[in-house]
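Shown next, in structure tokens, is the structure this report addresses.
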Amino acid sequence: MGLKMKVEKNNKILAAPILFSLLMLQCAPVWSGQVTSAVSNDLTSAVAWRQTAAEFEALYYQGFNIAKMRLDSALQAHKAGDRPLAIISDIDDTVLSSNSYWGYMINSGKEFFDDAAWDKWVAENGPVATPGAVEFLNYAQSKGVEVFYVTSRDQGDKTYEYALANLRNSKLPFADEKHLTVYRDTSNKEPRQLEIAKDYEVVVMLGDNLNDFKRKYYVSDVQQRMALMTEDKQEFGRKFVLFPNPTDGHWLKAIFGDSEPPATPQNSVKFKAAAASRAWQP
């Protein structure tokens, strides 16, 4: 057999398994956890960090450890006759994780918040407890400290029912009508927070948005929001315990003028411009 014929024969032998593999890849089923394309998505890096980074979970443990230290300090200083101690907490991305929702967003090729998908996910008890949340809140309960949940959600007439179910499904304490407040028509949580503070000494507030602590941060300007936060910098790690959320929140309002901006080409351009706003200029 000549050299040319040997090469052709060997190439055919090598090509056969490669072609077979390609055919198998085309015919293989796509599971829910698989990404079906490499199309660019503005959310990819942020969601990958949420889903895989040990640092992401560590920040939750760190936050709840700080909250526990603040609580222990308050318990030591608490005297008979003092107002009872309490904790005020946000729900979503504070004590309940939305990671599976954001995984769905990536698989669906969506780059901006999808209300319809979120509402369905909430109704199906998609949220699970964030790392360290159950342990810390149970510890507070064991010390006689009440936890009040104050959140803003809107899934129609069943909004409150779903919120209670989400808390109970994750075995979080104080999941009852006395301790849960849900605002449907506003993200301003301050009225309920101030009511609680009249009757309780609020030891710590838990949230993933600045707006979970004070309404004053709810502004439509990046620099103004930064300045307002800096005014209260001594409160972070003391009264305020902030958890990570790189995918949604009121920080978006400072960029787009809307906390849930629509998915448009113009907003994608704005997002990129925001990301490059402090870029190194070689």
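From the list Val219, Val204, which residue is among the β-branched types (Val, Ile, Thr), in contact (Cβ under 8 Å) with a residue 40 or more places away in the chain and not in a helix (DSSP H, G or I)? Result: Val204 is the single residue among Val219, Val204 that is among the β-branched types (Val, Ile, Thr), in contact (Cβ under 8 Å) with a residue 40 or more places away in the chain and not in a helix (DSSP H, G or I). Looking across the range 245-259, the residues that are over 12 Å from the mean Cα position of the chain (by Cα) and either modelled with pLDDT of 95 or more or of a type in the set (A, V, I, L, M, F, W, C) (or both) come down to Trp251, Leu252, Ala254, Ile255, Phe256.
Note on the range 225-271: among residues that are in contact (Cβ under 8 Å) with a residue 24 or more places away in the chain and part of a helix (DSSP H, G or I), the one that is surrounded by the fewest Cβ atoms within 10 Å (Cβ to Cβ) is Ser268. Scanning the range 126-149 for any residue that is in contact with an Asp or Glu (Cβ under 7 Å, 6 or more places away or on another chain) and of a type in the set (Ser, Thr, Tyr) turns up nothing.
Looking at the range 111-153 only, could you name the residues that are surrounded by 16 or more Cβ atoms within 10 Å (Cβ to Cβ), over 16 Å from the mean Cα position of the chain (by Cα) and among the charged types (D, E, K, R)? Listed by number, the list holds a single entry, Glu146.
Within the option set Ala77, Ala86, being of a type in the set (Gly, Ala, Ser), closer than 15 Å to Glu201 by Cβ and crowded, with 19+ Cβ neighbours inside 10 Å holds for one residue only, Ala86. Within the range 217-269, the residues that satisfy the criterion of being under 15 Å from Phe113 (Cα atoms) and touching a Ser or Thr at 6+ places or on another chain (Cβ under 6 Å) are His250, Leu252, Lys253, Gly257.
The values are calculated or read from the model by the stated rules, or taken from the named source; none is laboratory data. None of these values were measured; they are calculated from a predicted model. Positions of Cβ are generated from backbone atoms using ideal geometry, with glycine treated the same way; all protein chains shown enter the neighbour counts.
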